[in-house]
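Remarks on the structure that follows.
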Protein chains: 2
Amino acid sequence: MPDSGNCYKPCLLMDLLGRPYEWIEVDALNGETRGAEFLQKNPAGRVPVLEYAPGAYLPESNAILFFLGRDSELWPEDPAEQAAVLGWMFWEQNSHEVWIATSRFGLLFGGATAASEDIIRRREPGLSALTRMEEHLGGCSWFGASSISLADIALFAYTHVAGEGGFSLDGFPAVRSWLERVAARPGFRPMRRGKRPSA
Amino acid sequence: MPDSGNCYKPCLLMDLLGRPYEWIEVDALNGETRGAEFLQKNPAGRVPVLEYAPGAYLPESNAILFFLGRDSELWPEDPAEQAAVLGWMFWEQNSHEVWIATSRFGLLFGGATAASEDIIRRREPGLSALTRMEEHLGGCSWFGASSISLADIALFAYTHVAGEGGFSLDGFPAVRSWLERVAARPGFRPMRRGKRPSA
């Protein structure tokens, strides 16, 4: 699905690794992910889903990153670094995506405004997540490993469009520099964008 | 911290593996996780944190499970099964813990009641998570692998006390059977419980 950070994650990984893949469009906004055919691929009714062999499907964006990237330089060899990379990826799902991505979804597709209760409620924890990233980047260039890793891919996806969720990055210069480091990697391609209703 | 499902996860894993560990009490309810000494161990200010070597710390309960269990029979050898196990662990953090554990925390420690807005708001997505588990267990005995894995440990922690979050398991017989299968494993020990204000 265009505009989805979770769908962007595996694409970004494969682009950085220079590996081919096929993007199959699924229209989540029009209920396609709740249809019988899709639910056979992912009973949770969510994109992305990786078809890693004919008829074999893997859901959950960060699990897909592990599966596709575990044999690459974006998955460190040291078990403690592997665990730290996974730690940031769990944190992304529990303490970042649930505030920033969901605010963005509400504003882009859910008819919410900056004054909506659901948006206001997510503001403080979303800012806390960005603050946590800013503090971490004060002492490190990357998340969890000494070079770019799967954790950076996972966190880039929704952080680089946080502004669309009402979270300006003006006060987060280290986060902005890190975003630029990721976007400067060979092979980098931006997130796919869908059609928008004209404002 | 007693009563914390996230703190229980690594204990349950080590108990099932028959491996020794030391539990160091941290009083999150009285602000100890926001103190300078603790923030050096986990700048996110949350328990649990694993000290895996003197002065070396790893936060995030599910990352700790990976680190401690990656060389055990609870981490499958097949990469697709590994990814499926991680997928359920990411799902636990994004689609289960954020509804069920947080409702439970509010009711046990946050002064919330069943009529609180924060509890009511979490009811439908929490029930959806349990329904998703029930459906999965209709066709499988475990989550992500053909035998018990780290995903079962991660999901057991807050599911077995879902009732304390206002989520009765009466309508989820397959979930109850799965909980019994986990609790019947050799070495199983229940979650530590803290003192409660008398009702």
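Below, the figures for the structure above:
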{"read-out": "For chain A, the longest site-free run once chymotrypsin sites (Phe, Trp or Tyr not before Pro) in DSSP loop states with at most 14 other Cβ atoms within 10 Å are removed", "value": "A:24-187"}
{"read-out": "Anisotropy class of the stretch A:113-199 from Cα gyration tensor, a/c 1.5 cut", "value": "oblate"}
{"read-out": "Those residues of the stretch A:111-149 whose amide nitrogen sits under 16 Å from the label point placed on A:Arg34, 7 Å along Cα→Cβ", "value": "A:111"}
{"read-out": "Rounded to the nearest 20 debye, dipole of the stretch A:79-183 from Cβ charges on Lys, Arg, Asp, Glu", "value": "80 debye"}
{"read-out": "Lysines with Cα under 24 Å of B:Lys195, excluding same-chain neighbours fewer than 8 positions away", "value": "B:Lys9"}
{"read-out": "Dipole moment magnitude, nearest 20 debye, chain B about Cα centre, only Lys, Arg, Asp, Glu C-beta charged", "value": "460 debye"}
{"read-out": "Only Lys, Arg (+1) and Asp, Glu (-1) charged, at Cβ; the protein assembly as shown dipole about Cα centre in debye", "value": "680 debye"}
{"read-out": "The protein assembly as shown shape via C-alpha gyration tensor axes, a/c threshold 1.5", "value": "rounded"}
{"read-out": "In nm, spacing of pseudo-spin labels at B:Ile120 and A:Arg189 (7 Å Cα→C-beta vector)", "value": "4.7 nm"}
{"read-out": "Candidates per trypsin sites (Lys or Arg not before Pro) in the stretch B:147-199, loop by DSSP, up to 13 other Cβ within 10 Å", "value": "B:Arg193, B:Lys195"}
{"read-out": "Cleavage-rule hits, GluC sites (Glu not before Pro), the stretch B:1-76, DSSP coil, Cβ neighbours within 10 Å at most 13", "value": "B:Glu22, B:Glu25, B:Glu73"}
{"read-out": "Label distances, nm, A:Ser72 versus same residue in remaining copies, Cβ-directed 7 Å point", "value": "3.1"}
{"read-out": "Counted charge near B:Phe90, where neighbours are those whose Cβ lies closer than 12 Å (Asp, Glu -1; Lys, Arg +1)", "value": "-4"}
{"read-out": "Inter-copy spacing of A:Pro186 label points, which lie 7 Å from Cα along Cα→Cβ, given in nm from shortest upward", "value": "5.2"}
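Read-outs: derived from the displayed coordinates by stated rules, not from any lab. Everything quoted here is computed from the prediction, not taken from an experiment. We place every Cβ from the backbone using ideal geometry, glycine too, and count neighbours over all the protein chains shown.
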